[in-house]
Structures are given as structure tokens and as C-alpha cells.
Amino acid sequence: MATYQSFRPAVLRDTLDVASDVRLFSIEPEHGLSSYQVGSHIDIQVMVNERPEYRSFSLVDGGQTEGGVYRIAVKDRPDGHGGSRYLWSLEPGARVMISEPKDRFPLSHRGHEYLLVAGGIGITPIYGMARALVARGVDVSVLYAARTQEQLAFAAELQELLGDRLKLFVTGEGQRMEAAAEIARLGDDAELYICGPLSLREDFLREWLAAGRSQSKFRFETFASSGKYPDQPFDVRIANRDMAIRVEKDQSLLQALQVNGVNEVLYDCEHGECGLCTVDVLDYSGKLDHRDVFYSDRQKEANNRICTCVSRVYDGELVIDTSRHLVDTGRADA
Ligand code: FES
């Protein structure tokens, strides 16, 4: 749980810009590195509006700890919630607080053929996976899209690693991944790993299932910030407390609840995965933008529960009940 996990001091040793809007940070923990699996991430404390918050970043080295540092790649988001801006403001020598690595996007050891798909900063875990799979000597290919050529991070390294098993897409020039065709090329036992925006994952998952493939071989990691609608401030009435709060554009609903003293809502992952932060939706207007991966599509369509750590309201308001947050957090039909 973000408030209970132990953070340890570390020092920012170096930074390197690896794309026009992606910076690589090398971070040395004071108490030495822990071993980790490819696909792992660390949490870092950032200061946003003078408050400590936490952000998760995938480790790019795939378990190959180089030079006694953890390396993460951070996309500059001038319109984001403030975490990336804070990190981009740091100079080498800055002290930061980091968690131990956590394995949230594990790579299987049994596959013989892998398709790795990345959109934008989603390349971070995919890059480490590609290196690990090449080192393992299995069949791996990578599809990687960014809006401009300059935003393709690690493109030269991937090209050298993969040759013609790498396909790059510049979406700003109209280049698009053809999910159905890419999946059709794969052998029956192939596995697919994807990290990128929600729409990319949905496209590939739809085609994957339409091709009759097993969902257990489709693995993904999400961005908490990737919703169907842009971030906007919205108002929330908490019916069981008879109070109203405002969720700012750069705040999650969970953060707004905490700032306003509504502390009964538990949380853990803060990425829409564990379901611990969910509350009842009693009423809403506008669109509920469900950004979690905890609830199934059918449960999301019911619009009667919401993951407060990531999901939002677009063009409307929300009425919730926070008193039943411990009840029914299981996936009824996932
Ligand atoms: S804290 Fe895990 S889903 Fe919100």
C-alpha cells in the first residue's frame, strides 16, 4: 500500500535524453540494488503542489542491473499531474525516495514465440523484455509506435538488437499497426505483451480474442493516465457524508478524497489494478471514464462502481457512497 510501503533513500546519478520527450534516469539506492525480474517497476516519491505523491516507473534493464543503478525512462508531460515535471526538474546528485522493485508485468519463461507491442512511453518495459528474450534465444518481434520520429526512444538500440523483427510506426505520419494482420502471422502458441494507451490495448485484445487465441497469453500493462476522455475538473457529492468536493484536473478522485479528509477509502496499487479503492456510484452525469483494469467491460457498463485512483468523470458530476468501500471489491464476472 502506497502509504505503508517502505521507501528508501537514493541518489539520482545521471540523466540522458533518449527521445525528444523521454529522459532516462539512473538512480542509485543507498542500500544497494535488489535483484528484480524483467517487467518490474519501482515507485518514486515526487512532490506535487508541495505534497508527496508516488509514481510508478518500469525498470528498463530487464533484471540486468548495470552500474549499480536502477534505470527508468520518464516522459515529459507538461499537461500531466505534475509527477514527471518534478522528476524532469531534478539534477544529478538530487536525493529521492524509492521503493523496492515490484514485479507487476512478469514475462513468462515457457514461451517460444513472443510479439511485444509498445505505444509511446510503453516502450520502457518492452525494451527490457526484448533484450531478455533475445538473450534467451527465442523468437521475438516488436511493434513500437510514437507520434513523431523524435519521440521514438531506444529506437537505434532496438534496431541493432532486432533488425527486421522491429517495426516502427510514426502515427503523426499516418502509420498504424494492423493488429489483426500482425496477430495472424503468429504461431498458435505465441504470447503477446503490450504496454501503451488503452485504445492500443483494446485494439489488440479484440483481434487476439477474435482470432480464437487464449487470453492467458495476452499480457498487458496500463498507464493510469490513459482514458477515453481528457482530464477535466469535476464535482463529487459524497452522499454518506453529506459533503461535496472538487476533483482538480491534476488530481485523482482518490487524492481529492484524501485531501478533504475522506480517509476510509483504502488503496494499494494506484493503477486501477487491485480494486481496493473502489466505491459505489449512486448517480452521475456526463461520461464515466473507467480507466481501471480491475473491472470487466460488463461491470464497467453497469456504472455502479468506480476505481477512485484512476477513473474520472468527463463533462459531468458524480455522487458516490464511500461507506461500502470494503464490500464487493471482487470481480464478479472477470
Ligand atoms: S488502488 Fe488499486 S485499483 Fe485503485
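The values are calculated or read from the model by the stated rules, or taken from the named source; none is laboratory data. Everything numeric in this text was worked out from a predicted model, so none of it was measured. Ideal geometry is used to build each Cβ from the backbone, glycine not excepted, and the neighbour counts take in all protein chains shown.
Odds and ends about this structure:
- Test result for Ser214, surrounded by fewer than 20 Cβ atoms within 10 Å (Cβ to Cβ) and within 16 Å of the ligand (Cβ to nearest atom): no
- Any chance Val262 is more than 14 Å from the ligand (Cβ to nearest atom), crowded, with 18+ Cβ neighbours inside 10 Å and not in a strand (DSSP E or B): yes
- Test result for Arg237, surrounded by 15 or more Cβ atoms within 10 Å (Cβ to Cβ), away from the ligand (no atom under 16 Å from the Cβ) and part of a loop (DSSP other than H, G, I, E, B): no
- Remark: pairs (first residue in segment 80-97, without any contact (Cβ under 8 Å) to a residue 60 or more places away in the chain; second residue in a loop (DSSP other than H, G, I, E, B); Cβ separation under 6 Å; 6+ apart in sequence or on different chains) = Ser84/Asp76; Ser84/Arg77.
- Unmet criterion (only one of (1) away from the ligand (no atom under 16 Å from the Cβ); (2) without any contact (Cβ under 8 Å) to a residue 60 or more places away in the chain; (3) outside the structural domain of Tyr127 (by TED's automatic domain parsing)) for Arg176: (3)
- Set Tyr114, Tyr54, Tyr86: member being at pLDDT 95 or above, on the phi < 0 side of the Ramachandran plot and of a type in the set (Phe, Trp, Tyr): Tyr114
- One residue stands out in segment 289-306 among those that are over 19 Å from Arg324 (Cα atoms) and away from the ligand (no atom under 15 Å from the Cβ): the one that is modelled with the lowest pLDDT, namely Asp297.
- Residues of segment 264-283 that are over 25 Å from Pro197 (Cα atoms), of a type outside the set (Asp, Glu) and at pLDDT 90 or above: Val265, Val281, Leu282.
- The set of residues in segment 87-100 that are under 14 Å from Asp43 (Cβ atoms) and either outside the structural domain of Leu16 (by TED's automatic domain parsing) or not aliphatic (A, V, I, L, M) (or both) comprises Ser99, Glu100.
- Checking Asp280 against (1) in contact (Cβ under 8 Å) with a residue 60 or more places away in the chain; (2) surrounded by fewer than 21 Cβ atoms within 10 Å (Cβ to Cβ); (3) within 16 Å of the ligand (Cβ to nearest atom); (4) not in a loop (DSSP other than H, G, I, E, B), the condition it does not meet: (1)
- Set Tyr229, Tyr193: member being modelled with pLDDT of 90 or more, outside any helix (DSSP H, G or I), touching a Lys or Arg at 6+ places or on another chain (Cβ under 9 Å) and of a type in the set (Phe, Trp, Tyr): Tyr193
- Tabulated pairs, segment 29-50, first more than 19 Å from Val74 (Cα to Cα), second part of a strand (DSSP E or B) and hydroxyl-bearing (Ser, Thr, Tyr), C-beta under 8 angstrom, 6+ apart or interchain: Leu33/Tyr70
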